Each structure stands twice: as structure tokens, then as C-alpha cells.
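A quick write-up on the structure given underneath.
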Amino acid sequence: MRSVLSYALIAIIGGAVGAGVVQAGGWYDQAATHLTQATPEPAGFWSTPAIAGYGKIHYVDTPAYKPGTVSDLSNKVVFQINKYDGDLSRPNISLERVARMVNLYSAAGVPLNKLDFVVSMNGSGVLAGLTDAQYHKAYKMDNPNLPLIDALEKAGVKITVCDQSVAFEHLHREWIDTRITHTISSGTTVATLENQGYALLML
């Protein structure tokens with residue numbers, strides 16, 4: 001008898017908790033909808049000061065942790081991109097984030113020639129480095145990442161690809177665009193750069 005009552009209580013409590021979770025989800029959806037119903041953004045709210053058309057930013061001039069305000073900072077950053085994030089018909093979201101960082105540093109007053117940014121692509125992220133010909137064979141379109149990679153490199157960002165991931169993804173080295181530097185692996189690239197004083201940002 002006691003076990004039957006115990007099971008009944010567990011079922012009642014479980015049902016109440018489940019209903020609360022469902023209701024909480026509804027409250028969250030209502031709050032999220034309310035928060036996104038903001039006034040339209042004014043002209044110039046977003047900008048891409050260094051990488052035109054990519055990595056849009058809304059710049060706010062605040063002094064806390066602002067690049068360029070501390071003397072003798074190296075501005076050395078290695079970005080590790082571990083996957084192809086987003087729609088394959090659009091540039092990898094992680095590469096857009098690199099462009100955003102370039103735009104933010106530039107807007108904060110750091111000249112592009114004072115940035116020392118390196119991108120290390122591995123995992124499925126290496127697909128962003130395919131030539132147009134190979135991307136077209138796989139996805140029936142030119143590689144949407146190459147114009148962004150070109151813009152990043154013109155801004156001084158070095159783009160590298162992990163040859164271990166190239167192998168694991170069953171790609172050939174010559175399928176990678178010639179603008180991209182091959183490395184033994186992403187792990188050794190990141191470790192080498194960290195030992196040289198680079199900050200690591202995993203995207």
C-alpha cells in the first residue's frame with residue numbers, strides 16, 4: 001500500500017513539475033518576443049569599418065578593456081575554428097566573428113598593421129577553405145567564404161588550415177585555396193602561437 005501511495009505522489013509531483021517547466025517555457029517565449037519588439041534601428045547603427053560587408057558591429061565607445069588604451073599590448077590573437085557553423089551557402093559564422101573582431105579593434109582605434117591575428121581552421125571548419133571548383137562539386141555553388149577570406153587577408157589576418165582535418169574530412173591538400181596556409185595540425189599551431197604570447201579565442 002505504501003509503495004502505491006509513493007508512486008502516486010511521485011506521479012503528482014512529476015506532473016506538477018512538468019507543467020511548471022512547460023509554463024516557464026511559455027513565459028520565456030513571451031519575454032523573448034517582447035524584448036525583440038524594439039524600435040527600428042537608426043541608420044548607421046551597424047557598421048563594418050575594416051572588413052566591408054562582413055562582421056557588422058554596433059560600436060560603443062566605452063573605456064573598460066578597450067583595445068589600444070593600454071600601452072605595449074601585442075594584439076596577438078589566434079582564433080581556432082573547429083566546425084562549419086551555419087548555412088553552407090553563406091560564410092562560416094565563425095569567420096564572420098573574426099571579421100567582427102577586426103572591425104571592433106579598428107573602430108577602437110587600433111591600426112590594422114598593429115593587429116597580429118591568425119585563424120586556425122580544423123574539423124569541418126576546413127570546408128571553408130575549399131577552392132570554388134571543389135565547393136561547386138560538393139554544394140553546386142562557389143565557395144561563399146573565399147571573398148571573406150580574401151578581405152581578412154587584405155586586412156592582415158593570416159588564415160591557416162589543419163592538414164590532419166583535411167585528411168580526416170577525406171579532402172586532398174590541393175583542394176584547399178592557395179590563399180590559405182597549410183599547417184601540420186591545428187593543435188600544434190595553437191600551442192606554438194600560445195607559447196609565443198598569442199591569446200586563444202575558440203570560435
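Going through segment 75-116 one residue at a time, which ones are among the aromatic types (Phe, Trp, Tyr) and under 14 Å from the mean Cα position of the chain (by Cα)? Before the answer, list the steps.
Within segment 75-116, the first condition is being among the aromatic types (Phe, Trp, Tyr), and the residues that meet it are 79, 84, 105.
Of everything in segment 75-116, those that are among the aromatic types (Phe, Trp, Tyr) and under 14 Å from the mean Cα position of the chain (by Cα) turn out to be 79, 84.
Let's see how each residue does on (1) closer than 26 Å to residue 191 by Cα; (2) hydroxyl-bearing (Ser, Thr, Tyr); (3) modelled with pLDDT under 95; (4) not in a loop (DSSP other than H, G, I, E, B):
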{"residue": "136", "(1), (2), (3), (4)": "no, no, no, yes"}
{"residue": "141", "(1), (2), (3), (4)": "no, no, no, no"}
{"residue": "147", "(1), (2), (3), (4)": "no, no, no, yes"}
{"residue": "153", "(1), (2), (3), (4)": "yes, no, no, yes"}
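Mind telling me which of the residues 104, 115, 95 ends up being open to solvent by 50 Å² or more (accessible area, probe 1.4 Å) and not small (Gly, Ala, Ser)?
104
Within segment 188-202, does at least one residue satisfy the condition of being assigned to a loop (DSSP other than H, G, I, E, B), of a type outside the set (Lys, Arg) and touching a helix residue (DSSP H, G or I) at 6+ places or on another chain (Cβ under 6 Å)? Break it down stepwise before answering.
Taking segment 188-202 first, the residues assigned to a loop (DSSP other than H, G, I, E, B) are 196-198.
Retained after the next criterion (residues that are of a type outside the set (Lys, Arg)): 196-198.
When the remaining residues are screened for being touching a helix residue (DSSP H, G or I) at 6+ places or on another chain (Cβ under 6 Å), the result is none.
No - not one qualifying residue is present in segment 188-202.
Looking at residue 29, is it at pLDDT 90 or above, open to solvent by 70 Å² or more (accessible area, probe 1.4 Å) and over 21 Å from the mean Cα position of the chain (by Cα)? Walk me through it before giving the result.
Working: at pLDDT 90 or above: no; open to solvent by 70 Å² or more (accessible area, probe 1.4 Å): yes; over 21 Å from the mean Cα position of the chain (by Cα): yes.
Criteria not met by residue 29.
What number of residues within segment 157-187 are among the hydrophobic types (A, V, I, L, M, F, W, C), open to solvent by 80 Å² or more (accessible area, probe 1.4 Å) and not in a helix (DSSP H, G or I)? Reasoning before the result, please.
Filtering segment 157-187 down to residues among the hydrophobic types (A, V, I, L, M, F, W, C) leaves 157, 159, 161-162, 166-168, 171, 175-176, 180, 184.
Those left that are additionally open to solvent by 80 Å² or more (accessible area, probe 1.4 Å): 168, 184.
If we keep only those that are not in a helix (DSSP H, G or I) as well, we get 184.
Residues flagged as among the hydrophobic types (A, V, I, L, M, F, W, C), open to solvent by 80 Å² or more (accessible area, probe 1.4 Å) and not in a helix (DSSP H, G or I) within segment 157-187 amount to 1.
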**Report entry** Residues within segment 42-82 that are of a type in the set (D, E, K, R), in a loop (DSSP other than H, G, I, E, B) and either closer than 29 Å to residue 147 by Cβ or in contact with a helix residue (DSSP H, G or I) (Cβ under 9 Å, 6 or more places away or on another chain) (or both), tallied
**Finding:** 2
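Per-residue answers, yes or no, for (1) under 15 Å from residue 96 (Cβ atoms); (2) aliphatic (A, V, I, L, M); (3) open to solvent by 80 Å² or more (accessible area, probe 1.4 Å):
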| residue | (1), (2), (3) |
| --- | --- |
| 56 | yes, no, yes |
| 65 | no, no, yes |
| 70 | no, yes, yes |
| 74 | no, no, no |
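The values are calculated or read from the model by the stated rules, or taken from the named source; none is laboratory data. Worth saying up front: this structure is predicted, and the values here are computed from it rather than measured. Ideal geometry is used to build each Cβ from the backbone, glycine not excepted, and the neighbour counts take in all protein chains shown. The protein model used for the area step is the full one, side chains on, heavy atoms only, and it has no ligands, DNA or RNA in it. Shrake-Rupley method; radii C 1.70, N 1.55, O 1.52, S 1.80 Å.
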